[in-house]
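Everything below concerns the one structure shown next.
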Amino acid sequence: HLVRAYPKNHSYFLLGKRMVPSFRLWRRYRRIRALYPERPRSLLDLSASKGWFCLHAAQRLGATRVLGIDLHDPDLEASREVRDYLGLGAVDFQNMRLHQVHASLEELGGPFDVSLVINLYHYLYFGSRRAEDHYKTHAEIFEHLRGITGRALILSNCTEIEQLPGHMQVMAREQGRAESFSSRKIWDAASEFFHVADHGRLGKRPLWRLTPR
């Protein structure tokens with residue numbers, strides 16, 4: 001599952017107790033890791049997939065509080081198996097939504113030093129095949145993200161409607177919100193809650209580092 005399951009850019013394997021990323025994952029991770037604040041002690045991955053970013057933060061960076069959330073139970077189950085095999089008790093994986101994390105923040109130990117939103121934002125805004133419910137405005141999303149982020153939010157996503165997969169474009173038009181999905185509108189909404197810095201592109205998608213106001 002770690003190697004063959006979708007998405008391929010999250011693939012890695014285990015060599016003893018060491019996690020070895022695929023070249024595609026290593027290339028992505030190198031860019032994202034460069035934007036972490038110094039010595040992050042906690043991390044939240046809002047689309048944890050196979051768990052690499054969470055597990056690596058605990059094993060290699062010394063993070064003592066790590067949460068990965070996702071809506072795909074097979075990924076969560078695989079991530080938990082790796083966590084248990086590696087003995088990383090600081091890491092938890094849960095089937096949760098953004099607003100649920102925000103509502104449970106005190107129970108979860110407060111804001112996380114680093115929050116990751118990687119190839120997730122359009123699902124938050126429009127919903128997905130796994131969860132049709134969605135957030136109504138960009139401001140609602142970024143208000144939640146501001147509440148859960150202590151030091152840095154790292155976001156990489158398609159930010160223009162034409163860049164989205166075809167079925168997502170259909171979903172956006174059915175909701176009558178296709179015109180509200182653009183780089184400028186997302187950036188402007190984020191700027192109410194964060195200082196936003198553009199760090200080029202991660203593959204074909206913009207890469208932003210957002211620091212809480």
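The values are calculated or read from the model by the stated rules, or taken from the named source; none is laboratory data. Note that the structure is a prediction, hence the values are computed from the model and not measured. Glycine also receives a Cβ, built like all others from the backbone with ideal geometry; neighbour counts cover every protein chain displayed. Ligands, DNA and RNA are stripped out before the accessible areas are found, and what is left, the full protein with its side chains, is counted by its heavy atoms. Shrake-Rupley method; radii C 1.70, N 1.55, O 1.52, S 1.80 Å.
Heads up, I need the accessible area for D45: 1.4 angstrom probe, whole protein in place, Å², nearest 10.
0
Using only Cα atoms, find the angle between the long axis of helix 138-148 and the longest principal axis of the chain, and express it within 0 to 90 degrees, rounded to the nearest 10.
30
Identify which of I148, I161, I69 has the largest mean-square fluctuation in a Gaussian network model of the chain, with springs joining Cα atoms closer than 10 Å.
Of I148, I161, I69, the Gaussian network model singles out I161 as fluctuating most.
For the chain, modelled as a GNM with alpha-carbon contacts under 10 angstrom, which of F13, F194, F93 fluctuates the most?
F13
Could you work out how much longer the chain between H1 and D188 gets when fully extended? Use 0.36 nm per residue separation minus the Cα distance between them, nm to one decimal.
63.5 nm
Student exercise: in the chain, how many lysine pairs 8 or more apart or on different chains have Cα atoms under 20 Å apart?
On the way: K8/K50; K8/K204; K17/K50; K136/K185; K185/K204.
Number of lysine pairs found: 5.
How large is the dipole of the stretch 93-158 about the Cα centre if only Lys and Arg carry +1 and Asp and Glu carry -1, each at its Cβ, rounded to the nearest 20 debye?
Value, rounded to 20: 220 debye.
Starting from the 7 Å offset along Cα-to-Cβ, what nm value, one decimal, do you get for the label separation of R31 and D92?
3.2
Return a whole-number percent for the relative contact order of the chain, with Cα pairs under 8 Å and 6 or more residues apart as the contact set.
16
For the charge dipole of the stretch 107-148, defined by +1 on Lys and Arg C-beta atoms and -1 on Asp and Glu C-beta atoms about the Cα centroid, which residue among L116, F126, H138 has the Cα displaced farthest towards the positive pole?
F126
Just the number please: accessible area per residue for the chain, 1.4 Å probe, all protein chains included, in Å². Numbers along the way, then the final one.
Working: 10180 Å² over 213 residues.
Heavy-atom accessible area per residue stands at 48 Å².
What trypsin sites (Lys or Arg not before Pro) in the stretch 100-177 are in a loop by DSSP, with at most 14 other Cβ atoms within 10 Å of the Cβ?
Those satisfying the criteria are R129, R130, K136.
Among the GluC sites (Glu not before Pro) within the stretch 36-95, which fall in a DSSP loop and have no more than 11 other Cβ atoms within 10 Å of their own Cβ?
For GluC sites (Glu not before Pro) across the stretch 36-95 that sit outside H, G, I, E and B with at most 11 neighbouring Cβ atoms in 10 Å, the list reads E38.
Counting only the heavy atoms of the protein chains, how much of V114 is accessible to a 1.4 Å probe, in Å² to the nearest 10?
Approximately 0 Å² of V114 is accessible to the 1.4 Å probe.
Return one number: the angle in degrees, 0 to 90 and rounded to the nearest 10, between the long axis of the Cα atoms of helix 23-33 and the longest principal axis of the Cα atoms of the chain.
The helix 23-33 is inclined about 70 degrees to the chain.
Specify whether the C-alpha gyration tensor of the chain places it in the rounded, prolate or oblate class, a ≥ b ≥ c being the square roots of the eigenvalues: rounded for a/c under 1.5, otherwise prolate if a/b is larger than b/c and oblate if not.
Prolate, since a/c reaches 1.5 and a/b exceeds b/c.
Counting only the heavy atoms of the protein chains, how much of W26 is accessible to a 1.4 Å probe, in Å² to the nearest 10?
110
Using +1 on the beta carbon of Lys and Arg, -1 on that of Asp and Glu, and nothing else charged, what's the dipole of the chain about the Cα centre, debye to 20?
1080
List the trypsin sites (Lys or Arg not before Pro) in the stretch 1-99 that DSSP assigns to loop (not H, G, I, E or B) and whose Cβ has at most 12 other Cβ atoms within 10 Å. Which are they?
R4, K17, R60
May I ask you to give the percent of accessible area on the chain that is carbon plus sulfur, with a probe radius of 1.4 Å?
Of the solvent-accessible surface of the chain, carbon and sulfur hold 50 percent.
Suppose every Lys and Arg Cβ carries +1 and every Asp and Glu Cβ carries -1, with no other charges. What dipole size does the stretch 2-69 come out with about its Cα centre, to the nearest 20 debye?
For this selection, approximately 240 debye.
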